[in-house]
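**Q** Sharing a structure, written as structure tokens. Questions coming.
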């Protein structure tokens, strides 16, 4: 746990930016320490790991690719699913949330870098999914999420994030800025560029949590 780095990041963040501490492959003790240092929302990308470390005292987001048969294990544990990437997944979230009588905030994941190794939708498919989800009463689409390009060139990263921010603004125009109000963009290696490009939610793991356990 890099306490001093975390404090510097927290003190520099604009008040409108939400920090998600990515706790994947980190122990519950490390999560507890991060909480004591001011982290309030933790992001997990593996269902079994989330179930093992879950603590109702903390707020949890699911940020990884979610299989439909795992939705029932996630609903009730997390306050947001950041990786909605298909209508069948949306229907399963709707089904499981209806059983629990809860409304699940979700973000639609966009593959803005257009990389075959990444999850997420094209911009065209994302528009359709947002529109389709309007008929699902137990889903609350609150914004968009993306992962930056696997590239060491800051200009390439900036171009992708600017493109994502432009798409986010277009979606706000189409569906309402009060409804689509979150742009989750930026991780340990690229979050400063993401913030420059308009992100209001960043997902930081290694830079604050340290190296992961094997």
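The values are calculated or read from the model by the stated rules, or taken from the named source; none is laboratory data. All values reported here derive from a predicted model rather than from experimental measurement. Here the Cβ positions follow ideal geometry from the backbone for every residue, glycine too, while neighbour counts run over all protein chains shown.
**Q** Hey, could you check the range 134-160 for residues that are part of a helix (DSSP H, G or I) and either out of contact with any helix residue (DSSP H, G or I) (no Cβ under 9 Å at 6 or more places or on another chain) or touching a residue at least 40 places away in the same chain (Cβ under 8 Å) (or both) and say which is nearest to residue 83 (Cα to Cα)?
**A** Once the filter is applied, the top-ranked residue is 160.
**Q** Further, regarding this structure: Hey, does the range 106-121 have a residue that's exposed (fewer than 14 other Cβ atoms within 10 Å of the Cβ), at pLDDT 95 or above and either over 22 Å from residue 20 (Cβ atoms) or out of contact with any helix residue (DSSP H, G or I) (no Cβ under 6 Å at 6 or more places or on another chain) (or both)?
**A** Scanning the range 106-121, I find no residue that is exposed (fewer than 14 other Cβ atoms within 10 Å of the Cβ), at pLDDT 95 or above and either over 22 Å from residue 20 (Cβ atoms) or out of contact with any helix residue (DSSP H, G or I) (no Cβ under 6 Å at 6 or more places or on another chain) (or both), so the answer is no.
**Q** Does residue 198 satisfy the criteria of being crowded, with 22+ Cβ neighbours inside 10 Å and either in a loop (DSSP other than H, G, I, E, B) or in contact with a strand residue (DSSP E or B) (Cβ under 9 Å, 6 or more places away or on another chain) (or both)?
**A** Numbers: crowded, with 22+ Cβ neighbours inside 10 Å: no; either in a loop (DSSP other than H, G, I, E, B) or in contact with a strand residue (DSSP E or B) (Cβ under 9 Å, 6 or more places away or on another chain) (or both): yes.
So residue 198 does not fit the description; no.
**Q** Residue 51 passes all but one of (1) surrounded by 15 or more Cβ atoms within 10 Å (Cβ to Cβ); (2) within 26 Å of residue 120 (Cα to Cα); (3) in contact with a helix residue (DSSP H, G or I) (Cβ under 7 Å, 6 or more places away or on another chain); (4) modelled with pLDDT of 95 or more; which number fails?
**A** Among (1) surrounded by 15 or more Cβ atoms within 10 Å (Cβ to Cβ); (2) within 26 Å of residue 120 (Cα to Cα); (3) in contact with a helix residue (DSSP H, G or I) (Cβ under 7 Å, 6 or more places away or on another chain); (4) modelled with pLDDT of 95 or more, the lone unmet condition for residue 51 is (1).
**Q** Something else about it: Out of the residues in the range 171-195 meeting the condition of being farther than 19 Å from residue 80 by Cβ and in contact with a helix residue (DSSP H, G or I) (Cβ under 7 Å, 6 or more places away or on another chain), tell me which one is surrounded by the fewest Cβ atoms within 10 Å (Cβ to Cβ). Don't jump to the end; show me each part of the working.
**A** First, pick out the residues of the range 171-195 that are farther than 19 Å from residue 80 by Cβ: 173-174, 188-190, 192-193, 195.
Checking which are in contact with a helix residue (DSSP H, G or I) (Cβ under 7 Å, 6 or more places away or on another chain) leaves us with 188, 190, 193.
Numbers: 188: 14, 190: 22, 193: 20.
Applying the filter and picking the extreme gives 188.
**Q** Please go through the range 57-92 and give me each residue that is surrounded by fewer than 17 Cβ atoms within 10 Å (Cβ to Cβ), touching a strand residue (DSSP E or B) at 6+ places or on another chain (Cβ under 9 Å) and more than 23 Å from residue 127 (Cβ to Cβ), ordered by number.
**A** Going through the range 57-92, the residues surrounded by fewer than 17 Cβ atoms within 10 Å (Cβ to Cβ) turn out to be 57, 59, 65, 67-69, 72-73, 76-77, 79, 86-88, 91.
Filter once more, keeping what is touching a strand residue (DSSP E or B) at 6+ places or on another chain (Cβ under 9 Å): 59, 65, 77, 79, 86.
59, 77, 79, listed by residue number.
**Q** When residue 167 is evaluated against the numbered criteria (1) surrounded by fewer than 19 Cβ atoms within 10 Å (Cβ to Cβ); (2) touching a helix residue (DSSP H, G or I) at 6+ places or on another chain (Cβ under 7 Å); (3) touching a residue at least 60 places away in the same chain (Cβ under 8 Å), which criterion, by number, is the only one it fails?
**A** Checking residue 167 against (1) surrounded by fewer than 19 Cβ atoms within 10 Å (Cβ to Cβ); (2) touching a helix residue (DSSP H, G or I) at 6+ places or on another chain (Cβ under 7 Å); (3) touching a residue at least 60 places away in the same chain (Cβ under 8 Å), the one that fails is (3).
**Q** Hey, does the range 199-209 have a residue that's modelled with pLDDT of 95 or more and farther than 20 Å from residue 42 by Cβ?
**A** No: the range 199-209 contains no residue that is modelled with pLDDT of 95 or more and farther than 20 Å from residue 42 by Cβ.
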